[in-house]
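The values are calculated or read from the model by the stated rules, or taken from the named source; none is laboratory data. The structure presented is a predicted model; accordingly, all values stated were derived computationally and were not measured. Note: ideal-geometry Cβ built from the backbone for every residue, glycine included; neighbour counts use all protein chains shown.
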Amino acid sequence: MKYTFNKILLAALLVSLFAVVSCGKKFLEEPPRTTTINDLLNNPQDGAQRLIGAVYNKLYDWETHSFPWIGISSISSDDADKGSSPGDGGGDKLELDGWLISPTNISFNELWEGNFEGIGRACYAIKFLTSMNLPPADKDRYIGEAKFLRAYFNWNLVRTFGGVPKIDKVLTSQADIEIASVRASAAEIYAFIESDLTDAAVKLPTIIPIAERGRTSKAAAQALLAKVYLYQNKWGQSKSMCDALIGSGQFSLLPNYAMIWREAGEFSSESIWEVNAIADNPPKGIQQYTEVQGMRGSGAGDFGWGFNVPSLDLVNAYEPGDLRKAATILVSGSKLWDGFVTSNTLPNPYYNYKAYVSRTAETFFDRGQSNKNLRVSRYGEILLIKAEAENELNDTTASKNALNLIRQRAGLPPVNAISQASLRNKIYKERRVEMAFEHDRMFDLRRTGRAAAVLQALGKPYLSPKHNLFPIPQRQIDLSGNKIIQNPGY
């Protein structure tokens, strides 16, 4: 762990010094230049942008949001199969699909390092932003952004591994590093996340200008808080956050569900926070996010590696007439929304339509750097969280009202009189088909206590309680000198 955290500190510092702002569709069109912390402090407006830009930049990395995250959050679930071709295991994705996982699986270490590097950068940003001579509103905003992003990185770690080391400052001494070389409890990490998000919600702006889309807002902090509370069964607090977002009048469901996932649907009325792909200089998106999931074919029909494909179980989960099915499941041999006709001889019968990028009707540079935003938080999920929280608080009427808004858009009839237990199961199913391939399904199964039953019914060797958390990467245990304790069963 000493090596890992020193590497985090070095990466955070270097990227903070050399990063360009990555919050909008354009980078600043100037080359990186040699600079020092004093240069940043003496030129606070430029320095603040560079510091916070370094934190945002981690959202685009392979380790944070690409193949490791896709494997851990989706391929491991009942929504997806490994895909690709039988001979291509994707390094470790076959293990995740089959639940034959171990602490040496590379995805776990990649995700761990990517998110902790983000946390390290956020801590650096907070440290130096605090001492910068900036207008108070600007300083608050930058610090709020750094705290939101630190919370987000911690959120993905705690959902994956449970308790992890708690890094709440720049590690400046060996003693700091030693303290950070042991795991805090999951409860401590959740409390830290809540603290960061609560402060961020106060500091962040309500409205994000068009030129700055992709930067975090008060609503983004409230939406993540609603979800963090949901995972801890803090129903009243989760409902409160949802009510604040609904009552703000800022958001509404996009009438056409399929449009959410197209370039024309970026930052729509439904969007609360998206990782904003960068399309100008340089042409950069989340590293290979769409390529990993694109159709695996030949010639003009080769869009990518073909991983993370819809399972037959997911295909069969949609009710007849559910408009979301055709917007989520890309069927081999079909004509797509942009007129492209896919081959009927592709290795898999289905692909993730939400990750499709049109080469003719959308911005396209190359497979590895497509202009595809990652929708992290949207109003549709807030309605589902509201429905779940209201039901657990015994207000089935309010729960059904929220749920039926989602069903109405999907072209489905409303849910009528129903018991609390039956409504709970309806909400679970609705959440699955509404949010397929949005990187929540595996965590939803676990938090609701259904993972073992659901996956075992599909023949997966999922063992509870062992598999209720993923293993701590063995590399991190070794680097810590065995101070980090492995999760039970591994």
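Points to keep in mind about this one:
- Residues located in the stretch 409-448, provided they are surrounded by fewer than 16 Cβ atoms within 10 Å (Cβ to Cβ) and at positive phi: Gly411
- Criterion: at pLDDT 95 or above, assigned to a helix (DSSP H, G or I) and either among the basic types (Lys, Arg) or closer than 27 Å to Pro255 by Cβ (or both) - qualifying residue of Leu423, Leu445: Leu423
- Some residue of the stretch 456-472 being assigned to a helix (DSSP H, G or I), over 25 Å from the mean Cα position of the chain (by Cα) and not aromatic (Phe, Trp, Tyr): yes
- Entry remark, the stretch 154-208: residues being in a helix (DSSP H, G or I), among the aliphatic types (A, V, I, L, M), farther than 23 Å from Phe128 by Cβ and touching a helix residue (DSSP H, G or I) at 6+ places or on another chain (Cβ under 9 Å) number 4 in total.
- The set of residues in the stretch 71-99 that are closer than 23 Å to Arg447 by Cβ and hydrophobic (A, V, I, L, M, F, W, C) comprises Ile72, Ile75, Ala80, Leu96, Trp99.
- Residue check, Gly321 part of a loop (DSSP other than H, G, I, E, B) and under 30 Å from Leu149 (Cβ atoms): no
- Flag not set for Trp62, criterion: among the aromatic types (Phe, Trp, Tyr), within 22 Å of Arg375 (Cα to Cα) and in contact with a His (Cβ under 7 Å, 6 or more places away or on another chain).
- Residues that are free of Cβ contacts under 8 Å to residues at least 60 places away in the same chain, small (Gly, Ala, Ser) and over 14 Å from Gly294 (Cα atoms) do occur in the stretch 318-333.
- The combined condition, being of a type in the set (A, V, I, L, M), within 26 Å of Val275 (Cα to Cα) and without any contact (Cβ under 8 Å) to a residue 40 or more places away in the chain, is not fulfilled by Ile143.
- Considering residues of the stretch 218-267 that are in contact with a strand residue (DSSP E or B) (Cβ under 6 Å, 6 or more places away or on another chain) and buried (at least 20 other Cβ atoms within 10 Å of the Cβ) only, the residue nearest to Gly285 (Cα to Cα): Ala220
- Only one entry of Gly90, Gly98, Gly47, Gly24 meets the criterion of being of a type outside the set (Phe, Trp, Tyr), buried (at least 21 other Cβ atoms within 10 Å of the Cβ) and either at pLDDT 95 or above or closer than 30 Å to Arg213 by Cβ (or both), and that entry is Gly47.
- Within the stretch 398-408, considering residues that are among the polar types (S, T, N, Q) and closer than 15 Å to Asp243 by Cα, the one surrounded by the fewest Cβ atoms within 10 Å (Cβ to Cβ): Asn401
- Selection within the stretch 111-153 - assigned to a helix (DSSP H, G or I) and of a type in the set (Ser, Thr, Tyr): Tyr124, Thr130, Tyr142, Tyr152
- Flag if Phe303 is at negative phi, part of a loop (DSSP other than H, G, I, E, B) and either over 21 Å from the mean Cα position of the chain (by Cα) or not aromatic (Phe, Trp, Tyr) (or both): yes
- On the stretch given as the stretch 320-347, residues that are in contact with a Pro (Cβ under 9 Å, 6 or more places away or on another chain) and surrounded by 15 or more Cβ atoms within 10 Å (Cβ to Cβ) total 6.
- Residue, farthest from the chain's Cα centre (by Cα), within the stretch 268-300, restricted to residues that are buried (at least 19 other Cβ atoms within 10 Å of the Cβ) and farther than 30 Å from Ser217 by Cβ: Arg296
- Taken together, Ser73, Ser77, Ser85 contain a single residue that is of a type in the set (S, T, N, Q) and part of a helix (DSSP H, G or I), which is Ser73.
- Complete set of residues in the stretch 376-390 that are of a type in the set (Lys, Arg) and either in a helix (DSSP H, G or I) or crowded, with 24+ Cβ neighbours inside 10 Å (or both): Lys386
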